[in-house]
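Every number in this text was worked out from the coordinates using simple rules, so none of it is lab data. All of these numbers come straight from a predicted model, not from anything done at the bench. Neighbour counts run over all protein chains shown; Cβ positions are idealised from the backbone, glycine included.
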């Protein structure tokens, strides 16, 4: 059983998600919050496994809430919910630690499977959002056929990054020091000409490097 905290400034939406998850035997909703500050406060007490977080909560931006949650409940995996295809805002949320982005208009049963995927360490990003992120950041250079060569250890680090693991988690998984993982991360991002982890992951997936 995985615990879930829902954060949406529209109570009707939060209630609808809670009702949907009530039919999934492996999830339990422990709280529904309607502001960013409330979300951080309740998460600190409830210690949820997963947080479904609206990108716009009124009092705080989604990326700010992500950063605060990373401090208050670092083990929680965060999935952003949005009605807007706002690439820049969503990019900031992913960089702040979110493990997924879902559009509210395409939830239904996909939400349950997405939460299962995130719980199992995968990163889940709605297809249209991924395309917007790709376009907004110029992740692909279609004119260039060159595929950068990554060292085996860099590929290992990149695969674990794509699975949503933190630098510390990657260090434990690969039996490396945190500083060594950071060194591999910096190196692979330079090779991929990426400025963020999200850029590196999407670029590598599109080039079939991972």
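Of all DSSP beta bridges located in the stretch 2-137, what percent are antiparallel, nearest 5? Numbers along the way, then the final one.
Working: 1 of 22 bridges.
If I count the DSSP bridges inside the stretch 2-137, around 5 percent turn out antiparallel.
What ratio of Cα Rg to 2.2 N^0.38 Å holds for the stretch 152-206?
Values: Rg = 10.0 Å, N = 55, 2.2 N^0.38 = 10.1 Å.
Rounded to two decimals, the normalised Rg is 1.00.
In what sequence do 190, 173 fall when counting other Cβ within 10 Å, fewest first?
On the way: 190 11, 173 14.
Neighbour counts put them in this order, fewest first: 190, 173.
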Listed with the fewest Cβ neighbours within 10 Å leading, 92, 45, 56 appear as 45, 56, 92
The simple spin-label model distance between residue 37 and residue 70, using points 7 Å out along Cα→Cβ, in nm, is 2.3 nm
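Report the full-extension gain for the segment residue 180 to residue 10: residue separation times 0.36 nm, less the Cα-Cα distance, to one decimal in nm. Write down the numbers at each step before the final one.
Details: separation 170, 0.36 × 170 = 61.20 nm, distance 4.37 nm.
That works out to 56.8 nm of additional length.
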For residue 151 and residue 56, extending 7 Å from Cα along the Cα-Cβ vector and measuring point to point gives, in nm, a value of 4.5 nm
Classified through the alpha carbon gyration tensor (a ≥ b ≥ c as square roots of its eigenvalues; rounded if a/c is under 1.5, else prolate when a/b is larger than b/c, else oblate), the stretch 2-137 comes out rounded
A chain fully extended from residue 205 to residue 120 at 0.36 nm per residue, minus the present Cα-Cα distance, gains in nm 28.7 nm
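Averaging sequence separations of C-alpha pairs under 8 Å and six or more residues apart, then dividing by the length of the stretch 1-131, give the relative contact order as a whole percent. All intermediate terms of the calculation are to be shown ahead of the outcome.
On the way: 240 pairs, mean separation 27.7, N = 131.
Result for the stretch 1-131 is 21 percent.
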One finds, for residue 18 and residue 190 with R0 = 45 angstrom and r their Cβ-Cβ distance, a FRET efficiency to the nearest 0.05 of 0.50
Fewest to most Cβ atoms within 10 Å: 6, 78 sort as 6, 78
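Can you work out the FRET efficiency for the pair residue 47 and residue 25, with r the C-beta to C-beta distance and R0 = 25 Å, to the nearest 0.05?
Working: r = 21 Å, r/R0 = 0.83.
The formula returns an efficiency of 0.75 here.
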